[in-house]
Amino acid sequence: MSKETSETLKILLGGFIVGAAIGILFAPEKGKKTRKKLRKKFETGQTFLFEESEHLAETLKNNAENVKEKLEKSFNDFIDGGKEKTEEIITLLEEKLHRLKESLEQKS
């Protein structure tokens with residue numbers, strides 16, 4: 001979980017708790033009604049946090065898949081580039097070897 005998301009969830013949870021406490025302190029209704037309202041708000045908050053955590057998990061999964069794909073592509077590009085350079089070097093060395101042989105044959 002990213003630091004930013006973690007902080008956001010902490011702020012939301014803290015706001016929920018403070019709001020509930022203020023609601024209890026200033027509630028003009030009887031205890032039974034207040035408890036019923038608090039239970040409903042708690043359940044709503046719980047549902048919200050559950051849905052947000054599922055959304056966050058899906059987002060993290062997608063981001064991880066994207067990073068994996070980019071790394072695989074970069075690695076494959078690197079390997080392919082290395083193969084091309086190797087082939088170029090071999091070709092150059094073969095050409096130099098051929099010229100060296102020709103040079104030696106001319107001197108003989």
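Descriptive notes on the structure:
- Where a residue in the range 35-50 is at pLDDT below 80 and its partner, wherever it lies, is among the β-branched types (Val, Ile, Thr) and surrounded by 11 or more Cβ atoms within 10 Å (Cβ to Cβ), with Cβ under 7 Å and at least six apart: Leu38/Ile24
- One residue from Glu88, Glu58 being of a type in the set (Asp, Glu), under 37 Å from the mean Cα position of the chain (by Cα) and assigned to a helix (DSSP H, G or I): Glu58
- Any hit, the range 17-27, residues being surrounded by fewer than 10 Cβ atoms within 10 Å (Cβ to Cβ) and either free of Cβ contacts under 8 Å to residues at least 60 places away in the same chain or touching a Cys at 6+ places or on another chain (Cβ under 7 Å) (or both): yes
- Residue in the range 18-33 that is assigned to a helix (DSSP H, G or I), under 34 Å from the mean Cα position of the chain (by Cα) and of a type outside the set (Gly, Ala, Ser) present: yes
- Any hit, the range 67-82, residues being of a type outside the set (D, E, K, R), in a helix (DSSP H, G or I) and in contact (Cβ under 8 Å) with a residue 12 or more places away in the chain: no
The values are calculated or read from the model by the stated rules, or taken from the named source; none is laboratory data. Owing to the predicted nature of the structure, the values given are computational and were not obtained by experimental measurement. Heads up, the Cβs are rebuilt from the backbone with ideal geometry, glycines too, and the neighbour counts pull from every protein chain shown.
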